[in-house]
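Note sheet for the following structure.
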């Protein structure tokens, strides 16, 4: 019994096949998501420590228009739903459906980025800077610009990847797995924003 188990394990890890029945593309994407998730976790943990150790912290209701941020969040989460529909369409071979919902996801990402640019512009006009702000706690805007900017760069990258995937899918060069991998990245970006929205804007 033990010898048979050893032989199966050895054959599985001997090369030529995937031990966990996962292709290397998907495995690398999951490794990226895990490591990048840890980086975001470090950002948010550092922000939480700075906030708890500060004797005062700006009231989010006085700084942000929460209805506007909530709308941004709704748009990004909705784009995750359109991405999921594109992935399902790719699995079933519905080419037109995949292209349509990839384009909708791209539009959602661009709208989110446009709204974030408007939010940044508004705060900068009010005097917010990386090392100072009118609300009395310099670290506040430092964490805000770094965290939301880092996430925004991920959204921008995701829009580029979505665009490339859409073009390749239209030309018949992308597989269902390619759409799925793009979806994994986009869902990750959306999930990270949920944590940022909750911890930075609401709590």
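Would you pick out the residues in the stretch 33-50 that are surrounded by 14 or more Cβ atoms within 10 Å (Cβ to Cβ) and either more than 12 Å from residue 147 (Cβ to Cβ) or at pLDDT below 90 (or both)?
Across the stretch 33-50, the qualifying residues are 33, 36, 37.
Would you confirm, using the coordinates I've provided, whether residue 96 is farther than 15 Å from residue 196 by Cβ, under 15 Å from the mean Cα position of the chain (by Cα) and surrounded by fewer than 17 Cβ atoms within 10 Å (Cβ to Cβ)?
When the stated conditions are applied, residue 96 does not pass them.
Hey, does the stretch 126-139 have a residue that's crowded, with 16+ Cβ neighbours inside 10 Å, at pLDDT 95 or above, in a helix (DSSP H, G or I) and on the phi < 0 side of the Ramachandran plot?
no
Among residues belonging to the stretch 52-80 that are out of contact with any helix residue (DSSP H, G or I) (no Cβ under 9 Å at 6 or more places or on another chain) and assigned to a helix (DSSP H, G or I), point out the one that is surrounded by the most Cβ atoms within 10 Å (Cβ to Cβ).
Filtering first and then ranking leaves 74.
Looking at 184, 199, 123, 146 in this structure, which one is modelled with pLDDT of 95 or more and touching a helix residue (DSSP H, G or I) at 6+ places or on another chain (Cβ under 6 Å)?
Answer to the check: 184.
Check 99, 130 and return the single one that is touching a helix residue (DSSP H, G or I) at 6+ places or on another chain (Cβ under 9 Å) and in contact (Cβ under 8 Å) with a residue 40 or more places away in the chain.
Exactly one residue qualifies, and that residue is 99.
With 198, 165, 157 as the choices, which residue is closer than 20 Å to residue 114 by Cα and either in contact (Cβ under 8 Å) with a residue 60 or more places away in the chain or surrounded by fewer than 19 Cβ atoms within 10 Å (Cβ to Cβ) (or both)?
157
The values are calculated or read from the model by the stated rules, or taken from the named source; none is laboratory data. Keep in mind that what you see is a predicted model, and the values were worked out from it rather than measured. Please note: Cβ atoms are built from the backbone with ideal geometry, for glycine as well, and neighbour counts cover all protein chains shown.
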